[in-house]
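Beneath this line is the structure, given in structure tokens, with notes to follow.
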Amino acid sequence: MSKEMELVRHRRSVRTFDGCALRPEDADSLLAFARSIQTPYDLPITWRLLSAEEHNLSVPVIVGADTYIAGKIRQVPHAEEAFGYAFEKLVLQAESMGIGTTWIAGTMDRPAFEKAVALEPGEVMPCISPLGYPAEKMSLRETMMRRGVKADSRMPFSALFFDGSFNVPLPEGGPWQEALEMVRWAPSAVNKQPWRVVMCGRQAHFYEQKSKGYVNAAGWDLQKVDVGIAMYHFAFALGERVLFSVEDPGLSLPDGVSYIATLTVL
Ligand SMILES: Cc1cc2nc3c(=O)[nH]c(=O)nc-3n(C[C@H](O)[C@H](O)[C@H](O)COP(=O)(O)O)c2cc1C
């Protein structure tokens with residue numbers, strides 16, 4: 001197994017931490033890493049490390065961590081995918097340092113976080129994550145939450161990946177098997193896995209299969225964040241040797257599916 005695959009398979013949402021403060025050198029290193037991330041859409045993200053105690057932040061599902069990382073971005077077209085891509089790059093970097101994370105979009109005191117990051121009109125703070133060292137044992141609540149969303153399983157390969165058109169499932173064992181397997185194991189909101197990929201030669205066309213109720217009144221689409229995460233997993237698997245483009249190949253699409261972007265393997 002490649003070291004990238006090991007990292008992806010080892011990562012899980014960590015909601016129970018050991019109670020030790022994030023070491024200052026880890027905090028500095030992660031913040032510097034976050035600030036160095038370029039999104040494929042060239043949209044800048046502003047990153048903040050926050051202390052829950054200092055800012056009076058509460059995240060009911062998280063136990064034993066005080067430090068959070070939050071990012072905010074201008075709400076422009078493609079902000080969701082850009083944010084997903086960048087934040088997941090940070091999540092995998094944290095994982096490689098032994099630091100646990102959980103993507104949190106819903107279960108937080110959002111007004112308190114938005115105040116702490118000084119959110120301005122026209123900006124969004126899509127998600128935050130705790131940062132800390134995983135506890136040896138999960139809380140009962142964490143165990144129940146994981147069960148509720150079947151967090152340890154994913155849809156089968158044949159339901160997610162296609163060969164040239166949505167009518168033909170991609171056979172397993174091809175040249176992109178490992179990269180797509182890493183896409184399959186990406187995290188997503190409520191574990192819905194809304195990404196679909198059509199392989200055409202060296203091109204991976206990424207699509208969103210929308211579930212109901214994920215687009216909010218302001219037009220923000222959380223499942224596009226998930227597709228951004230999936231795209232980063234594909235790029236990560238290939239050492240980021242991919243070319244990014246947004247050029248809809250015009251394939252015929254099943255209901256509820258829309259084109260997001262293409263990664264061409266170099
Ligand atoms: C965009 C996004 C938003 C999420 N929001 C929450 C959340 O609000 N609360 C929570 O406990 N988990 C949240 N999660 C974590 C998912 O439930 C989790 O990634 C999924 O169940 C798969 O489990 P795993 O991360 O352990 O592989 C979110 C994940 C993503 C990608």
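Values in this text are rule-based calculations from the coordinates and carry no lab data. Since the model is a prediction, treat every value here as computed from it, not as a measurement. Backbone-built Cβ (ideal geometry, glycine too); neighbour counts: all protein chains shown.
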Handout entry: Considering only region 153-265, percent of DSSP beta bridges that pair antiparallel, nearest 5
Key = 85 percent
Fill in the blank from the handout: One would report the antiparallel percent of DSSP beta bridges in the chain, rounded to the nearest 5, as 90 percent
Handout entry: Ellipsoid semi-axes in whole angstrom, largest first, where each is sqrt(5λ) of the Cα gyration tensor of region 203-259
Key = 22, 15, 9
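Per-residue ellipticity at 222 nm for the chain, helices alone: DSSP H runs ≥ 4 residues times -39500 (n - 2.57), over residue total, nearest 500 deg cm²/dmol?
On the way: 9 runs with 87 residues, N = 266.
Result for the chain: -9500 deg cm²/dmol, rounded to the nearest 500.
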Practice task
With an 8 Å cut-off on Cα pairs and a minimum separation of 6 or more residues, tell me the relative contact order of region 1-104 in percent.
Solution key: 39 percent
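Just need the relative contact order of the chain here, percent rounded to a whole number, with Cα pairs under 8 Å and 6+ apart.
21 percent
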Fill in the blank from the handout: Summed over the other residues with a beta carbon less than 10 angstrom from that of L131, with K and R at +1 and D and E at -1, the charge totals -2
Fill in the blank from the handout: Computed over the chain, the convex hull of the Cα set has an average projected area, in nm², of 13.7 nm²
Fill in the blank from the handout: So for region 153-265, using the alpha carbon gyration tensor with a ≥ b ≥ c as root eigenvalues (a/c under 1.5 gives rounded; past that, a/b versus b/c decides prolate or oblate), I'd call it rounded
Exercise for the section: Using DSSP to define loop residues, name the trypsin sites (Lys or Arg not before Pro) in region 100-152 whose beta-carbon has at most 16 other beta-carbon atoms within 10 Å. Expected result: K137, K150
Practice task
Let me know the charge dipole size of region 3-140 about its Cα centre in debye, to the nearest 20, where only the beta-carbon of Lys, Arg (+1) and Asp, Glu (-1) is charged.
Solution key: 220 debye
Exercise for the section: Report the residue, chosen from V91, V168, V225, that carries the largest GNM mean-square fluctuation when the chain is represented by alpha-carbon nodes joined by springs under 10 Å. Expected result: V168
Exercise for the section: Starting from the Cα gyration tensor of region 3-140, take the square roots of the eigenvalues, sort them a ≥ b ≥ c, and report rounded, prolate or oblate (rounded when a/c is under 1.5, otherwise prolate if a/b is larger than b/c, else oblate). Expected result: oblate
Handout entry: Within straight-line cross-link reach of K137, lysines at Cα separation under 24 Å, skipping those fewer than 8 residues along the same chain
Key = K150
Completion exercise
Expected vector for region 250-266, Karplus 3J(HN,Hα) from phi with 6.51, -1.76, 1.60 and θ = phi - 60°, integer Hz, x for Gly and Pro, equals x, 5, 7, 10, x, 4, x, 9, 9, 6, 10, 6, 10, 10, 9, 6, 7
Practice task
Sort W220, W47 so the one with the fewest other Cβ atoms within 10 Å of its own Cβ comes first.
Solution key: W220, W47
Fill in the blank from the handout: When H233, H205, H10, H55 are arranged by how many other beta-carbons sit within 10 Å of their Cβ, fewest first, they go H10, H55, H205, H233
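At a 10 Å Cβ-Cβ cut-off, how would you order L253, L222, L50, fewest neighbours first?
Lowest count first: L253, L50, L222.
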